[in-house]
Amino acid sequence: MWEVLSWLLFIIFIAGLLVVGGLLLRGYMVSGSSTNVGDLFGGSFFAPKPVKRLDVVDQATVDGRRRLVLVRRDNVEHLIMTGGPVDVVIETGIEPEGKAQIERLRPEKKDPDGEPSAKPARKFGQAVGE
């Protein structure tokens with residue numbers, strides 16, 4: 001009887017260790033560090049990942065030392081040259097390519113007055129030409 005109970009307690013102990021280890025691993029993967037162990041079980045542990053604000057979109061090597069880097073921050077792109085005696089911001093405020101292409105390719109219908117026309121929304125089941 002005591003042998004079965006001791007094995008059952010051992011299995012429960014191992015399962016508890018696995019659960020705690022999984023939670024710590026998940027917290028480490030979400031936050032990127034294990035320094036705030038107290039926060040792992042608090043608010044930041046189960047919170048969604050923060051929105052990624054900074055991203056390297058593209059990079060090209062100019063010569064052996066210098067490199068052009070296209071960086072996106074808050075959906076605005078910046079062209080930077082790094083690696084020389086001074087890092088230089090070449091251009092800022094570049095619209096992302098997809099957004100600029102959509103705006104360029106979107107046809108703008110105009111009234112005879114020259115004003116953009118507002119097309120009424122179709123109702124469910126209504127054909128395009130009606």
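The values are calculated or read from the model by the stated rules, or taken from the named source; none is laboratory data. Only a predicted model underlies this, so the values are computations on that prediction, with no experimental measurement involved. For neighbour counting, all protein chains shown are included, and Cβ atoms are generated from backbone atoms with ideal geometry for every residue, glycine included. Ligands, DNA and RNA are stripped out before the accessible areas are found, and what is left, the full protein with its side chains, is counted by its heavy atoms. Shrake-Rupley method; radii C 1.70, N 1.55, O 1.52, S 1.80 Å.
Listed here are the residues, each with its yes/no results for (1) open to solvent by 100 Å² or more (accessible area, probe 1.4 Å); (2) at pLDDT below 90; (3) in a loop (DSSP other than H, G, I, E, B); (4) farther than 23 Å from Leu23 by Cα.
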residue: Asp39; (1), (2), (3), (4): no, yes, no, no
residue: Gly43; (1), (2), (3), (4): no, yes, yes, no
residue: Ala47; (1), (2), (3), (4): no, yes, yes, no
residue: Ala60; (1), (2), (3), (4): no, no, no, yes
residue: Leu68; (1), (2), (3), (4): no, no, no, yes
residue: Val71; (1), (2), (3), (4): no, no, no, yes
residue: Glu77; (1), (2), (3), (4): no, no, no, yes
Q: Scan region 72-87 and report the pairs whose first residue is closer than 22 Å to Arg53 by Cβ and whose second residue is open to solvent by less than 50 Å² (accessible area, probe 1.4 Å) and in a loop (DSSP other than H, G, I, E, B), with Cβ atoms within less than 9 Å and a gap of 6+ or a chain change.
A: Arg72/Pro96; Asn75/Pro96; Val76/Pro96; Glu77/Pro96
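Every residue, every condition in (1) in a strand (DSSP E or B); (2) modelled with pLDDT of 90 or more, yes or no:
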position: Phe10; (1), (2): no, yes
position: Phe13; (1), (2): no, yes
position: Leu23; (1), (2): no, no
position: Ser34; (1), (2): no, no
position: Pro50; (1), (2): no, no
position: Val56; (1), (2): yes, yes
position: Arg65; (1), (2): no, yes
position: Pro85; (1), (2): no, no
